[in-house]
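K.L.:
Mind looking over this structure? Questions follow.
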Amino acid sequence: MPIRVNGREISERAINQESAAFAGRDPKDAQRQAAVALIIRELLLEQVAQARLVREQGEAAVDAAIDALLIREVVTPDPDDNACRQYYLANPERFRSPTLVAARHILLAAHPEDLEEREQARTQAETLIGLLATQPERFAELARACSACPSKAQGGQLGQLSRGQTVSEFEDVPVGLATRPVLSRYGYHVVEVLEKLEGQPLPFDAVLPTIREYLATKTRRRAISQYLQRLVGSAEIKGIELVGA
């Protein structure tokens with residue numbers, strides 16, 4: 001059954017073309033999401049035509065007209081300082097400077113699907129850890145001799161790292177020489193954390209613009225969603241079941 005919006009048909013071909021924008025989803029879900037997107041666009045175009053906001057031809061002009069419509073129809077207040085402060089106090093973990101870690105490592109490379117190579121790398125890493133436990137001054141020497149990472153040229157030094165700058169398995173290693181090899185998709189690592197500087201709370205004034213922008217965007221998205229729901233709820237839509245306002 002074809003989809004009709006206030007008497008106008010949305011073709012199956014148009015839905016198939018639009019579904020490319022939802023690649024990676026389940027095919028049926030992609031088709032449905034594409035149909036919903038086209039329905040919403042059709043309803044917005046109807047509002048644009050009624051408001052006579054399109055003065056030029058072309059896709060860019062139509063998109064600009066839809067933007068102008070939403071600016072006109074969806075008006076939201078800017079969050080005040082009190083709302084921003086409440087958000088700041090309720091989410092302290094979001095407003096901290098990053099924890100910095102100074103570390104060095106020795107990578108014993110192994111393919112993730114080669115179990116024999118992995119076992120050899122783990123055994124070699126354990127041997128190196130045992131050696132470094134009694135001769136820590138040899139870390140740079142052993143890194144240059146054994147590591148498969150380009151950092152071996154710097155004795156395994158990785159410099160100062162923040163969360164997300166290296167493999168996630170490194171992030172929870174405490175200060176000192178890790179007593180066990182650290183496994184990652186690259187192989188086994190001998191890791192030594194030289195220093196860890198915990199992140200500090202950022203002052204409210206420093207993050208106020210970021211919080212204000214975030215809250216304003218969140219509020220506007222919610223308001224646009226409500227506006228679209230009202231359009232859907234007042235439209236005659238056939239061929240698909242949608243929840244309106």
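K.L.:
Restricted to segment 1-34, and to residues that are surrounded by 12 or more Cβ atoms within 10 Å (Cβ to Cβ) and of a type in the set (A, V, I, L, M), which residue is nearest to residue 240 (Cα to Cα)?
P.N.:
So, considering only residues that are surrounded by 12 or more Cβ atoms within 10 Å (Cβ to Cβ) and of a type in the set (A, V, I, L, M), the one nearest to residue 240 (Cα to Cα) is 3.
Here's the yes/no breakdown for (1) open to solvent by less than 40 Å² (accessible area, probe 1.4 Å); (2) touching a Leu at 6+ places or on another chain (Cβ under 9 Å); (3) assigned to a helix (DSSP H, G or I); (4) closer than 19 Å to residue 212 by Cβ:
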position: 69; (1), (2), (3), (4): yes, yes, yes, no
position: 77; (1), (2), (3), (4): no, no, no, yes
position: 87; (1), (2), (3), (4): yes, yes, yes, yes
position: 103; (1), (2), (3), (4): yes, yes, no, no
position: 112; (1), (2), (3), (4): no, no, no, no
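K.L.:
For segment 89-101, what are the residues that are open to solvent by less than 50 Å² (accessible area, probe 1.4 Å), over 15 Å from residue 213 (Cα atoms) and touching a residue at least 12 places away in the same chain (Cβ under 8 Å)?
P.N.:
Matches in segment 89-101: 97, 99, 101.
K.L.:
Scan segment 117-153 for residues that are out of contact with any helix residue (DSSP H, G or I) (no Cβ under 8 Å at 6 or more places or on another chain), open to solvent by 80 Å² or more (accessible area, probe 1.4 Å) and in contact (Cβ under 8 Å) with a residue 40 or more places away in the chain and jot them down.
P.N.:
126
K.L.:
Right, here's the next one. Considering only segment 170-206, state which residues are surrounded by 15 or more Cβ atoms within 10 Å (Cβ to Cβ) and in contact with a Leu (Cβ under 7 Å, 6 or more places away or on another chain).
P.N.:
177, 186, 187, 188, 189, 190, 192 - these are the residues of segment 170-206 that are surrounded by 15 or more Cβ atoms within 10 Å (Cβ to Cβ) and in contact with a Leu (Cβ under 7 Å, 6 or more places away or on another chain).
K.L.:
With the condition kept exactly as written, say whether any residue in segment 43-53 is part of a helix (DSSP H, G or I) and either within 27 Å of the chain's Cα centre (by Cα) or loosely packed, with under 13 Cβ neighbours inside 10 Å (or both).
P.N.:
Yes, the conditions are met somewhere in segment 43-53.
The values are calculated or read from the model by the stated rules, or taken from the named source; none is laboratory data. Just so we're clear, the structure is a prediction, and the values are computed from it rather than from any experiment. Here Cβ is always computed from backbone atoms with ideal geometry, including for glycine, and neighbour counts include all displayed protein chains. We work out accessible area using only protein heavy atoms, side chains counted, and drop any ligands, DNA or RNA first. Shrake-Rupley method; radii C 1.70, N 1.55, O 1.52, S 1.80 Å.
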